[in-house]
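To keep things clear, I will list the structure first and then write my remarks on it.
Read-outs: derived from the displayed coordinates by stated rules, not from any lab. These numbers come from a predicted model, not from an experiment. We place every Cβ from the backbone using ideal geometry, glycine too, and count neighbours over all the protein chains shown.
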Amino acid sequence: MRILFLTDRFPPQIGGVAVSSARLAHGLAARGHVVHVAHLGAEVEPGSVQSETADGLMVHRLGGLEEPDLTLQLADRIVAHLHERVRFDLFHGHGATPAGYLAAYFARLFGAASFVSARGNDVERGMFNPAQLPFVLWALRHADAVGCVSRELAAKCRALSGRDDIDYTPNSVDARLFRPKSPNPALREPFGEGALLGFVGELRFKKGTRFLLDAFRTVRAAQSAKLLLIGGLRGEDRSFLRHYLRQYPNLRPDIQVIDYVHDREQLVDYYNLLDLVLAPSLWDGMPNSVLEAMACGRVTIAGDVGGIRDVIRHGETGFLVGIHELHRLGEGCLEVLAAGSDFRQEIGRRAREYVEQHYAPEAEIDQLEARYHSLLTEAYPINGTRYGG
């Protein structure tokens, strides 16, 4: 297949969308497909386009302009030029807007197939944003197929679009990379004695910043502990943390902010330091961090929302806390810590076994390929005349 994969985030940018974009694009290229990535809003000079070949992909990075509509108009010209050269069979939009909107539009314009993968924030914020909602609705209604990373998100997209053929297409995790390891003594030593709690990812409001800090304050009042914030914080949350620590200055020595870890092996080492991984999301898609923590055999305590509830089986592979009970997260942490290391190891063992069985990258690409083939067979029913031609 000849695929144009449109996304607004791609490495070296950070975050879950960038990670999943790279995983899918590389996974498809490894299966022998011709994959071009159009990276919208890349961190290059505004209005410029930089193209490079990397690990079997052709990546086109478009520098975003100050006015979003100008960026999309420029993307329109760039994609039309690429299509003239490559003749794509399928346009994949990673996120409902802007990538999904563009994928559905270009597919209709050029007589190709389209697939939109909704991630969570794109729909759950976009549906309440008057400027974005028309684009979200158009993408969901006019794409040939839509996949969602959680069952909850799929239900929302069905309600918004009026269509009943929206699939559940979960994220995956490479359990060969993310795996249990003995704690790295050199990495562990600076944190001293006591329990290590951690949050992994870019901390921001929807991830439950206040509940995370309050939970740690509860734990710290009862026993020696430290909190590692691995992945940094967004600007407003950095301000919130500074304000919080002015209120509770005794916590300052015990909260460590660790910037985004680009080295995946080092990130695995950090996971394997943690006694508990906390993910008190208020809403979410399917966080890579939860899958990664489970693959590393860590005990995860998380908000009962979105794709998290699809992954964690409460009391068996981790623990879920209802969003109206997140104020009790600290109590839950203390209960799990008090249950002892053998108990946590057993939960971690089950967690790893579960994600190995149900969230393997090969299965994710298998599902995506099958959906692509189905779409292209419908588009070109007579021996796939154009597809692959």
(request) Over region 261-363, calculate the relative contact order: mean separation of alpha carbon pairs under 8 Å at least 6 apart, over the residue count, as a percent. (result) 28
(message) Among DSSP bridges having both ends in the chain, what percentage is antiparallel? Round to the nearest 5.
(response) 10
(message) Per DSSP helix of 4 or more residues, -39500 (n - 2.57); summed, then divided by the residues of the chain. What does that give at 222 nm, rounded to the nearest 500?
(response) -13000 deg cm²/dmol
(request) Work out the count of Lys pairs in the chain where the Cα-Cα distance is under 22 Å, with the pair 8 or more places apart or on different chains. (result) 4
(request) State the answer as a single residue: which of Leu241, Gly198, Asn184 lies farthest towards the positive end of the charge dipole of the chain, with beta carbon charges of +1 for Lys and Arg and -1 for Asp and Glu, about the Cα centre. (result) Leu241
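So for region 185-358, averaging the separation of alpha carbon pairs under 8 Å that are six or more residues apart and normalising by length, what relative contact order in percent results?
Details: 297 pairs, mean separation 41.4, N = 174.
Taking the mean separation of contacting Cα pairs over the length of region 185-358, I get 24 percent.
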(request) Compute the label zone of Arg234 within region 102-129: residues whose backbone N is under 18 Å from the point 7 Å along Cα-to-Cβ. (result) 119-129
(request) Within region 10-119, list the GluC sites (Glu not before Pro) lying in a DSSP loop whose Cβ has at most 16 other Cβ atoms in a 10 Å radius. (result) Glu43, Glu66
(request) Work out the P(r) tail for region 44-180: percent of alpha carbon pairs separated by more than 25 Å, whole number. (result) 33
(request) Quick one: check the C-alpha center-to-center distance for region 150-198 versus region 111-126, whole angstrom. (result) 20
(request) Once you have the Kirkwood Rh of region 191-287 from its Cα pairs, apply Stokes-Einstein at 25 °C and 0.890 mPa s and quote D in µm²/s. (result) 179
(message) Mean-square fluctuation check for the chain, GNM, Cα pairs under 10 Å: which of Val59, Val116, Val277 is largest?
(response) Val59
(request) Consider a paramagnetic label point 7 Å from the Cα of His262 along Cα→Cβ; state which residues of region 1-38 have an amide N under 14 Å from it. (result) 11-15
(message) Given axes a ≥ b ≥ c from the Cα gyration tensor, I'd like to know whether region 185-358 is rounded (a/c under 1.5), prolate (a/b larger than b/c) or oblate.
(response) rounded
(message) Under 10 Å, Cα contacts only: if you run a Gaussian network model on the chain, which one of Asp167, Asp237, Asp304 comes out with the highest mean-square fluctuation?
(response) Asp237
(request) Using R₀ = 22 Å, calculate the FRET efficiency as 1/(1 + (r/R₀)^6) where r is the Cβ-Cβ separation of Tyr168 and Leu282; round to 0.05. (result) 0.55
(request) Could you work out the local net charge near Asp254, counting Lys and Arg as +1, Asp and Glu as -1, over the other residues with Cβ closer than 13 Å to its Cβ? (result) +3
(message) Less than 19 Å from a label point 7 Å out along the Cα-to-Cβ axis of Phe205: which backbone N atoms in region 149-187 qualify, by residue?
(response) none
(message) At R0 = 45 Å, how high is the FRET efficiency between Arg313 and Val86 if r is their beta carbon distance? Nearest 0.05 is fine.
(response) 0.55
(request) At most 11 other Cβ atoms within 10 Å and a DSSP loop assignment: could you name the trypsin sites (Lys or Arg not before Pro) in region 92-188 that fit? (result) Arg176
(request) Could you point to the residue in Pro12, Ala131, Met58 farthest towards the positive end of the chain's charge dipole, with +1 and -1 charges on the Cβ of Lys/Arg and Asp/Glu respectively? (result) Ala131
(message) Need one word for region 182-226: rounded, prolate or oblate. Basis is the Cα gyration tensor (sqrt eigenvalues a ≥ b ≥ c); a/c below 1.5 gives rounded, then a/b vs b/c decides.
(response) oblate
